[in-house]
Every structure is written in C-alpha cells, then in structure tokens.
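Notes for the one structure printed next.
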Amino acid sequence: MATSLKSLSTHSEKNIQDISDKKFGIVVAEWNEEVTESLYNGALETLLKYGAKKENLFRKNVPGSFELPLAAQWLAALEEIDAVICLGCVVQGETRHFDFICDAVAHGITNVGLKFDKPVIFGVLTPNTQQQALDRAGGKHGNKGDEAAITAIKMLGF
Ligand code: DLZ
C-alpha cells in the first residue's frame, strides 16, 4: 500500500534482468508538464541505469492522461516494443472529472496490457494537491517514474 512515510522509489535489485536488447515505449501526458517531465526523467534515468539503449526508447507525448491508453495501444501494437510505460498526473479538482479520468485511464491501461500480452505500466499520479504530485516526482517521496521503469523491467523478467 502506498504510504506517505517513505520514499516509494526504494526497491530490491532482485529480478532485474539484462534489458540491453529491450525496446520501451514511453507515453507522457503534457497536462501538468512540470510533474510529468520529472516522471519521464526518472523513468529514463532508471532504464539507462539498468542497461537500456537510448535508441531503444520511444517517447510519445499525449495532451492529457485520458489519452494515455490509446497511445499505449498504438505502441503496444508494434511487435518490436517489449513494454510500455504510461506517465501522467491527474490532480484532484472540485468536480468528478478527476474520478472519470482516473477510472478511464486505469481501466484503459490495464486493458492494453491484457490485449497485447505485454507489460503496460501505470505510472500515473493521482494526488490531492500539486505539492503531493511534486513530492512523488523527484521530491521527498521519490519518483514514480523511476518506479514505473523498474516495474516494466521486472515484468519483462517473468
Ligand atoms: C481536462 C483535464 C483536467 C481537468 N485535469 C487533468 C489532469 O489533472 N491531468 C491530466 O493528465 N489531464 C487532465 N485533463 C485533460 C484530460 O486528460 C484530457 O486530455 C481531456 O479531457 C481531453 O480528452
């Protein structure tokens, strides 16, 4: 369960396999760009740290998190792509818009992974405030982009 007490980016090095020949799609939502760019940088740094080659990383931007599943589907449909990482940030507002977007994105991303039988990772922050988002995008609670990359790598090791 997520906790506000520790860095969420700490992880065991178990199941980290060679990814030098793996190809990753990375979909980044432009909404809340300050946060999503930090998530992207965290994911990028982690993939490179564990041996991914720059030329095997394919980034696509989408306007908002709602568009993440479709772009993930376009990438997952490519035979050469091994895993897709979806990065976004939906901040709680005053209306139910937040719930509709989060539900759609979570279900959409799940469905893409199941449909294409590939890891499609949910690297989407759903904070109550902008500060909570920043805390999880390279701040005091680590970087969810880093976690998303580690999750993709671990799933490729099955
Ligand atoms: C419209 C909207 C709102 C209100 N808030 C967010 C948000 O916090 N994070 C995000 O990624 N996107 C937001 N969007 C945009 C939607 O994701 C989507 O791009 C539009 O509804 C168009 O489909």
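Bear in mind that the values in this text are calculations on the coordinates, not laboratory data. This is a predicted model, so every value here is computed, not measured. Every residue, glycine as well, gets a Cβ built from its backbone with ideal geometry; the counts of neighbours run over all protein chains shown.
Overview of values
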| read-out | value |
| --- | --- |
| Scope segment 120-142; condition acidic (Asp, Glu) and within 30 Å of Ala77 (Cα to Cα); matching residues | none |
| Members of segment 45-85 found to be of a type in the set (A, V, I, L, M, F, W, C) and in contact (Cβ under 8 Å) with a residue 60 or more places away in the chain, listed by number | Leu47, Ala83, Val84, Ile85 |
| Qualifying residue in segment 76-89 (condition: within 8 Å of the ligand (Cβ to nearest atom) and in contact with a Gly (Cβ under 8 Å, 6 or more places away or on another chain)) | yes |
| Per-region count, segment 99-116, residues of a type in the set (D, E, K, R) and closer than 19 Å to Gln130 by Cα | 1 |
| Members of segment 147-157 found to be out of contact with any Gly (no Cβ under 6 Å at 6 or more places or on another chain) and either within 14 Å of the ligand (Cβ to nearest atom) or assigned to a helix (DSSP H, G or I) (or both), listed by number | Glu147, Ala149, Ile150, Thr151, Ala152, Ile153, Lys154, Met155, Leu156 |
| Exclusive hit being away from the ligand (no atom under 16 Å from the Cβ), farther than 19 Å from Tyr50 by Cα and surrounded by fewer than 20 Cβ atoms within 10 Å (Cβ to Cβ), set Asp117, Asp103, Asp99 | Asp117 |
| Residue within segment 65-72 that is small (Gly, Ala, Ser), closer than 25 Å to Ser20 by Cα and either surrounded by 22 or more Cβ atoms within 10 Å (Cβ to Cβ) or within 16 Å of the ligand (Cβ to nearest atom) (or both) present | yes |
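For every residue, the table says whether it meets (1) touching a Lys or Arg at 6+ places or on another chain (Cβ under 7 Å); (2) closer than 24 Å to Asp135 by Cα.
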site: Val27; (1), (2): yes, yes
site: Thr36; (1), (2): no, yes
site: Asn56; (1), (2): yes, no
site: Pro69; (1), (2): no, no
site: Gln73; (1), (2): no, no
site: Leu78; (1), (2): no, no
site: Ile81; (1), (2): yes, no
site: Glu94; (1), (2): no, yes
site: His97; (1), (2): no, yes
